[in-house]
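Any read-out appearing in this document is the output of simple, stated calculations on the displayed coordinates, not a laboratory observation. Bear in mind the structure is a predicted one, so any value in this text is a computation, not a measurement. Neighbour counts run over all protein chains shown; Cβ positions are idealised from the backbone, glycine included.
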């Protein structure tokens with residue numbers, strides 16, 4: 001009975017946003033904004049309530065929902081269903097996704113109030129939510145891939161929402177294409193899974209994972225363990241989706257989209273799909289230490305790389321974007337040291353405070369009449385106190401200060417890294433450093449945006465106003481999450497218990513000591529470093545001496561500063577290596593092969609027939625005697641032939 | 001060649017007819033100056049056919065050849081009349097009956 | 001005797017026809033054509049088809065050739081005869097060679113035939129004259145083609161007239177009756193002496 005009701009609730013939860021998206025999306029030109037808001041936000045609120053209810057049922061009471069809707073692919077041994085599979089991991093993700101999505105929908109009511117295309121925006125937001133939920137509730141790799149591609153599509157549509165801006169279009173395409181590169185890895189991973197396991201269903205693959213430990217596959221002349229190969233390919237997909245080093249170039253540019261989009265997709269949900277997939281495939285990854293090492297390394301390097309760049313950026317949204325990239329690095333190296341619960345927990349808390357930061361930044365941008373450069377802000381904390389307070393809460397949570405959410409989750413990750421040893425220790429060192437950097441750039445953002453003398457021009461300064469309540473209410477909800485989620489998760493739900501009672505087999509860890517605690521000192525080191533960072537930021541940015549400290553630093557290390565500010569020239573390198581090469585190749589292929597060679601075939605045939613017919617038409621001279629000559633000669637030939645035949649016959 | 005020098009046989013008439021016909025054809029094909037020569041050559045060809053028919057009619061003791069020859073006569077007269085009428089119209093329009101200028105159907 | 005006549009007439013025929021195609025002046029050409037027709041008629045007489053010989057002279061020479069002459073006279077002679085004939089045409093030469101080949105072919109094809117000579121006696125069936133014999137066949141067996149040939153001649157006459165009749169009025173003629181019957185052309189006026197008439 002309970003399970004039946006649960007299945008219907010799950011169906012409602014997943015398909016309500018889709019329905020809202022379709023209904024609004026097909027009528028974008030006809031529908032009024034009020035009706036749009038009612039339909040989409042209503043659907044999202046319903047979805048959120050269902051998700052919370054299911055969370056209680058699944059995670060706390062221990063039910064599992066597995067309902068196959070209908071069969072999608074059924075070809076020999078390749079079977080995939082459209083199914084809803086909700087275990088504890090999925091339930092946690094669903095809560096995150098629906099809550100943040102609901103909050104963003106409500107925020108968008110206020111933020112996009114002056115936009116001309118509100119129905120389209122809300123439709124895309126709901127569509128994205130649907131795809132994300134399909135992704136997390138999949139029970140086979142095909143549906144996961146469907147959700148994966150769907151969120152990529154929604155990301156493209158939403159980043160390029162203001163399609164009249166060329167930069168937005170370019171950014172949307174960049175996001176989609178870089179994602180696609182990752183998707184190649186993911187697709188190859190799925191192909192390899194099917195090749196090895198002969199099935200793409202999670203239950204089948206994960207139960208048989210251990211038995212393939214010894215098998216190797218021969219690729220490019222080397223023998224690689226097949227599980228390692230699968231894990232590495234899947235990780236490439238994660239790198240693309242979660243903007244890890246190498247495939248990270250799209251995330252800063254994705255800030256071209258509206259701020260609610262950045263909050264929803266590029267902070268809380270889409271970029272965390274990679275982490276989710278790692279946690280979901282934990283049975284596979286646990287069998288391959290090599291893959292875990294790679295994951296740790298990449299995650300750690302991304303972490304410090306993004307944090308370093310964040311310290312030099314001037315756009316408020318870009319700072320927060322690089323911060324996201326850096327925190328994702330945390331989550332990845334947490335997975336790499338087998339602490340999947342810590343990673344998912346950090347994912348949850350990060351969703352709350354990062355979305356809070358983004359939406360507050362949106363509030364600031366709204367107040368500053370769409371100014372995004374922090375060098376042009378300043379001295380506005382008295383004018384927008386609520387936003388200022390929200391920003392403080394988000395930054396405190398980000399820096400990992402007790403008792404905010406980030407404290408618990410960041411601490412869990414760092415302790416797990418310490419537990420792992422080897423590359424985990426390197427990751428620990430990097431993580432500690434990044435905690436310092438994180439606090440530093442977060443307070444740099446706060447101080448430069450809100451404190452000091454106003455650097456905005458007078459026209460903007462006159463119009464600074466607090467956001468309407470419709471935009472502040474989501475901030476309050478997220479702030480509550482940022483404050484309470486950490487404590488709630490660790491103390492009430494026991495998310496980080498080494499016995500993993502909470503997770504109930506949705507995540508498999510072979511090395512049981514990954515989550516064990518170290519004691520008080522290790523617990524508080526990240527917080528201490530965070531406080532150090534805060535003080536350092538105050539010292540550097542608040543004290544006004546004759547030469548400002550940042551300028552001194554820049555003067556002393558000009559080359560280092562330029563490299564870091566220019567994002568280590570990744571974009572330029574990719575441009576040279578891939579974009580220009582493709583363009584050259586394309587133009588060569590077009591000009592020489594297509595336009596000259598292949599087109600010459602039909603053109604040549606046309607010219608040939610034209611020339612031939614011109615030649616033949618010279619027979620038509622117009623002169624009667626020519627025609628008669630031809631007739632007579634033909635008659636003579638026929639006559640001679642006939643006579644010959646008669647002669648031969650007789 | 002002995003059959004050619006002796007009594008006059010059907011062969012002589014046929015050869016004669018062929019020669020006249022060929023001369024008519026050459027009259028058309030060899031580039032003359034005026035259309036009148038074309039029409040004259042056509043008349044020659046018809047004459048050759050007439051000779052052929054009548055000679056063979058005598059060879060086979062059959063009057064069919066001569067009857068047909070009468071019809072050829074009729075038709076030749078009719079066709080000449082109309083041909084010349086067309087020539088006059090053409091002359092009125094063009095002012096000249098130079099054969100080398102009649103190439104309006106040039107492709 | 002018959003041989004000499006045959007050769008004489010046939011030579012005349014060939015020479016005349018050759019001249020008719022090679023003469024530059026069209027009147028000369030037509031006159032050569034007339035000579036050719038006459039020779040052909042004589043040949044017909046030799047075979048015994050005297051009706052057709054006479055027909056040839058009456059119709060061809062008397063009607064067709066005269067028509068040619070009329071037309072040649074009507075067209076502008078100066079333009080026609082002022083230009084040189086262009087006789088260099090390779091196709092024509094090729095045609096002549098081909099025709100010679102065919103004729104030679106014919107000579108060899110009828111090798112076993114010359115057992116019969118077309119003479120006037122051979123055609124004397126029932127001792128009828130040629131005209132009577134033709135008449136017996138023409139109006140009985142070939143009646144329909146005969147009528148059709150009449151229609152063809154009608155067609156030719158109508159066609160020739162239709163093509164060449166011009167309806168413009170190049171010449172102005174006086175029609176006295178019409179002139180007098182004009183209403184306002186004539187007016188009776190009583191002129192006063194010494195003052196004249198105002199028109």
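Which parts of segment B:34-51 would a label at residue A:635 reach, counting a residue when its backbone N lies under 16 Å from a point 7 Å out along Cα-to-Cβ?
B:38-51
Using Cβ counts within 10 Å as a stand-in for footprinting exposure, how do A:496, A:398, A:520, C:5 rank, fewest first? Intermediate values should be presented prior to the final figure.
On the way: A:496 22, A:398 29, A:520 8, C:5 14.
Exposure proxy ranking, most exposed first: A:520, C:5, A:496, A:398.
Going by how many other Cβ atoms sit within 10 Å of their own, how do A:120, B:33, C:182 line up, fewest first?
On the way: A:120 18, B:33 21, C:182 8.
Final ranking by Cβ density, sparse to dense: C:182, A:120, B:33.
Quantify how strongly other chains surround peptide A:205-216 by giving the mean number of their Cβ atoms within 10 Å of each of its Cβ atoms. Please report the intermediate quantities before stating the final value.
Working: counts 0, 0, 0, 0, 0, 0, 0, 0, 0, 0, 0, 0.
Across the residues of A:205-216, the mean count of other-chain Cβ atoms within 10 Å is 0.
Report the extension gain between residue A:314 and residue A:56 in nm, rounded to one decimal, defined as 0.36 nm multiplied by the number of residues separating them, less their alpha carbon distance.
On the way: separation 258, 0.36 × 258 = 92.88 nm, distance 4.26 nm.
The span from residue A:314 to residue A:56 would gain 88.6 nm if fully extended.
Applying a 10 Å radius around every beta-carbon, put A:356-365, A:307-316, A:432-441 in order of their mean neighbour count, most first. Show your work: numbers first, answer last.
Working: A:356-365: 28.3, A:307-316: 21.4, A:432-441: 23.6.
The packing order, highest mean first, is A:356-365, A:432-441, A:307-316.
Separation between the residue A:560 and residue C:198 pseudo-spin-labels, each 7 Å from Cα along Cα→Cβ, expressed in nm?
12.6 nm
How far apart, in nanometres, would the label points at residue C:69 and residue C:7 be if each is projected 7 angstrom from Cα along the Cα-to-Cβ direction?
Result: 3.3 nm between the two label points.
Note down the relative contact order for segment A:209-262 as a percent, whole number, built from C-alpha pairs under 8 angstrom at least six residues apart.
On the way: 32 pairs, mean separation 9.2, N = 54.
RCO, segment A:209-262: 17 percent.
Shielding of B:49-59 by partners, i.e. mean partner chain Cβ atoms within 10 Å per residue?
Numbers: counts 0, 9, 7, 0, 2, 10, 5, 1, 6, 12, 7.
Across the residues of B:49-59, the mean count of other-chain Cβ atoms within 10 Å is 5.
As an exercise, use a Förster radius of 60 Å and the Cβ-Cβ distance of residue A:531 and residue A:510 to find the FRET efficiency, rounded to the nearest 0.05. Walk me through the numbers before you get to the answer.
Numbers: r = 36 Å, r/R0 = 0.60.
For residue A:531 and residue A:510, the calculated efficiency is 0.95.
Note down the nm distance, to one decimal, between modelled labels 7 Å out along Cα→Cβ at residue A:386 and at residue C:158.
Those two pseudo-labels are separated by 10.6 nm.
For segment A:444-493, what class follows from the C-alpha gyration tensor (a ≥ b ≥ c being the square roots of its eigenvalues): rounded when a/c is under 1.5, otherwise prolate if a/b is larger than b/c, else oblate? All intermediate terms of the calculation are to be shown ahead of the outcome.
Working: a/c = 7.19, a/b = 2.11, b/c = 3.40.
It comes out oblate by the Cα gyration axes.
In what sequence do A:134, A:4 fall when counting other Cβ within 10 Å, fewest first?
Details: A:134 22, A:4 9.
Neighbour counts put them in this order, fewest first: A:4, A:134.
Given R₀ = 45 Å, FRET efficiency for residue A:425-residue A:204 by Cβ-Cβ distance, to 0.05?
On the way: r = 37 Å, r/R0 = 0.81.
Working from the Cβ atoms, E equals 0.80.
For the ranges A:166-178, A:259-271, what's the packing order if you count other beta-carbon atoms within 10 Å of each residue, average per peptide, and put the highest first? Intermediate values should be presented prior to the final figure.
On the way: A:166-178: 18.3, A:259-271: 28.9.
Output ranking for A:166-178, A:259-271: A:259-271, A:166-178.
Apply 1/(1 + (r/R0)^6) to the Cβ-Cβ distance of residue A:167 and residue A:582, taking R0 = 22 Å, and write down the FRET efficiency to the nearest 0.05. Walk me through the numbers before you get to the answer.
Working: r = 20 Å, r/R0 = 0.93.
That pair, residue A:167 with residue A:582, gives E of 0.60.
Hey, what did segment B:10-97 get for relative contact order, percent, Cα under 8 Å, at least 6 apart? Please report the intermediate quantities before stating the final value.
Numbers: 69 pairs, mean separation 24.6, N = 88.
Over segment B:10-97, the number comes to 28 percent.
Just counting partner chain Cβ atoms within 10 Å, what average do the residues of peptide C:58-70 show around their Cβ? Walk me through the numbers before you get to the answer.
Details: counts 1, 5, 8, 0, 0, 4, 11, 3, 0, 7, 7, 0, 2.
Whole-number average of other-chain Cβ neighbours for C:58-70 is 4.
Before anything else, pin down the relative contact order of chain A: Cα pairs under 8 Å, at least 6 apart, normalised by residue count, whole percent. Walk me through the numbers before you get to the answer.
On the way: 1039 pairs, mean separation 76.6, N = 650.
Relative contact order comes out at 12 percent.
Given the -39500 (n - 2.57) contribution per DSSP H run of 4+ residues, what per-residue ellipticity at 222 nm results for the protein assembly as shown, rounded to the nearest 500 deg cm²/dmol?
Values: 39 runs with 632 residues, N = 956.
Estimated from H runs of four or more residues: -22000 deg cm²/dmol.
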